[in-house]
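To start, the structure under review is shown below, and the notes come after it.
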Amino acid sequence: MRTSTRLLLFFLPMLCVLSLHGQIGGLYTYEFLNLSNSARQTALGGTLITVQDDDANLALGNPAVLNHSMHQQLSFSHSFMVAGINHGYASYAHYFEPKQITGHLGVQYIHYGTFDETNELGERIGSFQASEYAITAGAGRQVSERLALGANFRAITSQLAGYSSIGLGLDAAALYADTARNLTGALVFRNMGRQITYYAEGNPEPLPFEIQLGISKRLRYLPFRLSVTYRYLNRWNIRYDDPNAEPSLLFFGEEQPEESRSSIWIDNLFRHFVFSGEFLLGPRENLRLRAGYSHLMRRELALDNFGSLAGFSFGLGVKISRFRIEYGHQAYHLAGGLNHLSISTNIREFKGG
């Protein structure tokens, strides 16, 4: 009963201030906050909130997973995106034994490259750059045998040509772990907050707030973990219907029939889900094979009349000596995809203890 009361008191103030309506499709600012911050997360569909191990990168998506096994872990990640866009994340975690609290500090960045600046006639008059950064500090604590709570505080800055903005964000999360059944569940409130300064005076824009709910199950007789995450719990309809889209063609030039209400409902439902699986091989799980699928990404990035692997992702992780090296690939569309590299180590291993 005490655990339930703690959980209620933890989330009740946050539910009282959530007055924003969930939106997707470019209606938020600071959208880079939704990018995967590590190669492992990229390989597992871009979203993972229900795994609690020694990977401190997972704390950016769910601070409740922070635990003592992450003590003094240092990690660097960089993703090579299409069109020369670069995105990365660096983090460090530390366990404070007297308080039994694990904290972490991370820096996320994205650089969009250099652009030509032109006048109204299309003549080049110079160049400009665009980039965004976020510094995240968070903490997590095991409040009972099965329940952990955590929170992240985030400072955000954005420079887009001659425009700039500063924002503050907050994450709050709970993790429930049943070790006897190898089952975990998580609830995360991501990117609560607001802009402090705006790109244009008098024009505030909302942060990409969303509520996520997830579950993971590790099989008893197979070294495999299955994870399912439900995104946008705060918004039901996340479909985007393009009024300018031409009807898809089937064989022999026949137009595809319009979707029925039931198929629209099912399609919208599955857009909320991210499915992923991870094989944990070896006595110390030093080799990990991963795959994931996001139906939302599949539907938004697939091209009519062309097959692609949009929405699918895969990758692997291997530990060599004191370092864990991860690779993840997420297919976007026929034009290319995302390649993600991460390397992490624990400073304690260099100290011999």
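The values are calculated or read from the model by the stated rules, or taken from the named source; none is laboratory data. In this text, all values refer to a predicted model and were calculated from it rather than measured experimentally. No Cβ is skipped: glycine too gets one built from the backbone with ideal geometry, and neighbour counts run over all protein chains shown.
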Original post:
Which of the residues spanning the stretch 61-106 are hydrophobic (A, V, I, L, M, F, W, C), over 17 Å from Leu341 (Cβ atoms) and either loosely packed, with under 14 Cβ neighbours inside 10 Å or in contact with a Lys or Arg (Cβ under 9 Å, 6 or more places away or on another chain) (or both)?
Top reply: Ala64, Leu66, Ala83, Phe96, Ile101
**OP:** Please work out if Gly45 is modelled with pLDDT of 95 or more, part of a loop (DSSP other than H, G, I, E, B) and not β-branched (Val, Ile, Thr).
**Re:** yes
**OP:** Check whether at least one residue in the stretch 120-127 is acidic (Asp, Glu), surrounded by fewer than 16 Cβ atoms within 10 Å (Cβ to Cβ), within 26 Å of Tyr163 (Cβ to Cβ) and without any contact (Cβ under 8 Å) to a residue 12 or more places away in the chain, and report yes or no.
**Re:** yes
**OP:** Could you tell me whether the stretch 297-309 includes any residue that is in a strand (DSSP E or B), under 30 Å from Ile211 (Cβ atoms) and either modelled with pLDDT of 90 or more or more than 18 Å from the chain's Cα centre (by Cα) (or both)?
**Re:** no
Original post:
Can you find even one residue in the stretch 156-170 that is under 30 Å from Leu287 (Cβ atoms) and in contact with a strand residue (DSSP E or B) (Cβ under 8 Å, 6 or more places away or on another chain)?
Top reply: no
Original post:
Applying the selection to the stretch 296-353, what residues are out of contact with any Leu (no Cβ under 9 Å at 6 or more places or on another chain), crowded, with 18+ Cβ neighbours inside 10 Å and among the small types (Gly, Ala, Ser)?
Top reply: Ser342
Original post:
Looking at Thr5, is it modelled with pLDDT under 95, assigned to a helix (DSSP H, G or I) and of a type in the set (Val, Ile, Thr)?
Top reply: yes
**OP:** Select, from Ser91, Ser144, Ser131, the only residue that is modelled with pLDDT of 90 or more and part of a loop (DSSP other than H, G, I, E, B).
**Re:** Ser144
Subject >> Qualifying residues in the stretch 155-182 (those that are polar (S, T, N, Q) and not in a strand (DSSP E or B)) - the one farthest from Gln142 (Cα to Cα) >> reply: Asn182
